[in-house]
Amino acid sequence: MASCNKRVEGIEIARFVGEDIAFGKMLTDKEGWHRTVPDWNRLLRIEPSGMLKAVSNGEVVGIGGVVSYGKVSWIHSVIVVSTVRGQGIGRVLMEACIAWARAQGSRVVKLDSVYGFEGFYRNLGFVEEFESRRFLRDGGPFPLEADSVRPSDLNDIMAFDAAVFGVNRGRVLQAIYEDAPGLAYVVRSEGAISGYVLGRKGEERVQVGPCVVKDSNPSVARRLIATLVGSNPKDCKFRMCVSGLNKEAVMLSQDLGFKSGTSSTRMYLGERFTESGTAFAMISPEKG
């Protein structure tokens, strides 16, 4: 997109800014996404120029956003006001998001489609990749077998994640950690990182993820996720997003007492970027 203030088919695509958060939250609340104001602030902090809105006759009628990791970007939060759906506004937003991602040098664009909407994204060239699963559980006693992440650990964690996941997600990891340092744990072996997990507080549940481990080691992932769950009060509830391709992660989630929740469909446009099996929990559907 050459400009954030480009008028396309009567719809102006402009920057989504802080003053738009209340509107964005209203839309995500209606979709049942349980996104908090801190979640919105974090998205703006991470990728301010990638947050977009559609405006018609001076009124905001839709939103959409992108998080870029260089060669791969994630599109998220594409929602059109219900009273004006079916008029092509969603397509205009998607085209703006795709253009923004390509302007960042991304060769592949990913997203999670709500079930039933895959056809809309197929018409834009997206291809189904795998089931993006959600797992839920209540709190409970678990042994604490991982160490709390200290601020001095963060650079090592970011370097570890980039090496095993394949793209630099450092600024996203840092933003999540800064918002919830008490929900971050790491396992080391002989001084080197074997894996880490981050969490953040939602309106109803603690979001578990990302959880990334060396050599796709399920025992390290178990220690990390169990510690995060076990270190919180028993009445705490948890949510975790897991790639359906990672059978070890699905099995571990079930072994740890997580129950299947609603799922979505991971789709991609452009070159295929296969997400690493080292990831036992995603950051989130909107950030990969």
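Quick one: count up the residues across region 250-276 that are small (G, A, S) and outside any loop (DSSP other than H, G, I, E, B).
So the first thing to find is which residues in region 250-276 are small (G, A, S), and the list is 253, 257, 260-261, 263-264, 270, 276.
Among the residues that remain, those that are also outside any loop (DSSP other than H, G, I, E, B) are: 253, 260, 264, 270.
Adding up the residues that qualify gives 4.
Testing A101 on (1) of a type in the set (G, A, S); (2) at pLDDT 95 or above; (3) over 20 Å from E286 (Cβ atoms), one condition comes back false. Which one is that?
Result: A101 passes all but (3).
Based on what the data block shows, is V220 under 17 Å from the mean Cα position of the chain (by Cα) and of a type outside the set (S, T, N, Q)?
Details: under 17 Å from the mean Cα position of the chain (by Cα): no; of a type outside the set (S, T, N, Q): yes.
The answer is no for V220.
Among the numbered conditions (1) more than 17 Å from G288 (Cα to Cα); (2) touching a residue at least 60 places away in the same chain (Cβ under 8 Å), tell me where K25 comes up short.
The failed condition is (2).
Hand me the list of helices (runs of 4 or more DSSP H) wholly inside region 137-235 holding 3 or more residues that are outside the structural domain of P38 (by TED's automatic domain parsing), in contact (Cβ under 8 Å) with a residue 40 or more places away in the chain and over 23 Å from P285 (Cβ atoms).
Filter on region 137-235 gives 218-230.
State which residue pairs qualify: first residue within 21 Å of G139 (Cβ to Cβ) and inside region 256-270, second residue small (G, A, S) in any location, beta carbons under 7 Å apart, and separation of 6 or more residues or different chains.
Once the first residue is within 21 Å of G139 (Cβ to Cβ) and sits in region 256-270, its partners that are small (G, A, S) give L256/A226; G257/G140.
The values are calculated or read from the model by the stated rules, or taken from the named source; none is laboratory data. All figures in this text were calculated on a predicted structure; none of them were measured in a lab. A quick note on method: Cβ atoms are made from the backbone with ideal geometry, for glycine too, and the neighbour counts reach across all protein chains shown.
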